[in-house]
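Here the structure is laid out as structure tokens; the discussion comes afterwards.
The values are calculated or read from the model by the stated rules, or taken from the named source; none is laboratory data. Since the structure is predicted, the reported quantities are computational estimates derived from the model, not experimental observations. Glycine also receives a Cβ, built like all others from the backbone with ideal geometry; neighbour counts cover every protein chain displayed.
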Amino acid sequence: MAYIGTEPTYGVFQRQVLAGNGTTTQYNLDYDVVQATSLLVSLDGVIQEPEYSYDVAITNGQPVINFSEAPDNGGRIFITYLGRQLLTATPANTESHIDEFNGNGSTVAFTLTKTPVSNTADNFIVFVDNVYQRLGSSYAFTVSGETLTFTSAPPSGTNNIQVIQLNGSNTLNSVADGTITVAKVQQGVFDQAEDDATALAIALG
């Protein structure tokens, strides 16, 4: 029987096998998916209904599947990716961004106001009391999702913590519709296009 539906762009359907433990309802997916109906999910051979038995989401940049009930302990979870997302995630910030926080001597985790393009340390410049923080410094930090966490709490102060996100994204500029003039087009190409259109109109009567 022929496949009914959109032809897979990748030529094959990716698969993933997981094991239930009787308590966990959320599992990491190998690939990004746009919606639950992009997956065919089987629990011990029983096909599950999308958006009822399970749904999909992105948690801290990680695609996950959430089951309405925890799969049985030792249960076989078989996932077939019917459609993988072709679009590349767009960076949330298109230019450098600065956050400032107030230290209080006890808080170590701070929520950034822009989602980082990358969570690696080289994407950030961090100052505490105007002192640059580097890997291995007193207030070394890690970033997960939108949360920046210091290894030790910065001291109390007003806006004494400054976090600069470096990564931006290149903007691909395009020509606005209706702005190309004949002077900007190679004359021979323009004339040929007109000739082709005229010949087609004559042929169609």
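Per-structure values
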item: Subset of segment 121-161 (residues that are among the charged types (D, E, K, R) and farther than 17 Å from H97 by Cα); result: D129, R134
item: One residue from G103, G83, G74 being surrounded by 14 or more Cβ atoms within 10 Å (Cβ to Cβ) and modelled with pLDDT of 90 or more; result: G103
item: Close pairs (6 angstrom Cβ cut-off, 6 or more residues apart or separate chains): surrounded by fewer than 17 Cβ atoms within 10 Å (Cβ to Cβ) in segment 110-127, at pLDDT 90 or above and not aliphatic (A, V, I, L, M) anywhere; result: T113/D99; F127/Q162
item: Of residues in segment 1-18 being surrounded by 13 or more Cβ atoms within 10 Å (Cβ to Cβ) and over 28 Å from E146 (Cβ atoms), the one modelled with the highest pLDDT; result: Q14
item: Matching residues, segment 10-50, being more than 21 Å from the chain's Cα centre (by Cα), assigned to a loop (DSSP other than H, G, I, E, B) and not hydrophobic (A, V, I, L, M, F, W, C); result: G11, G20, N21, G22, T23, T24, T25, D44, G45, Q48, E49
item: Any hit, segment 28-36, residues being closer than 16 Å to N73 by Cβ and modelled with pLDDT of 90 or more; result: no
item: Residue ID - nearest to G20 (Cα to Cα), chosen from residues in segment 43-63 that are surrounded by 15 or more Cβ atoms within 10 Å (Cβ to Cβ) and at pLDDT 90 or above; result: L43
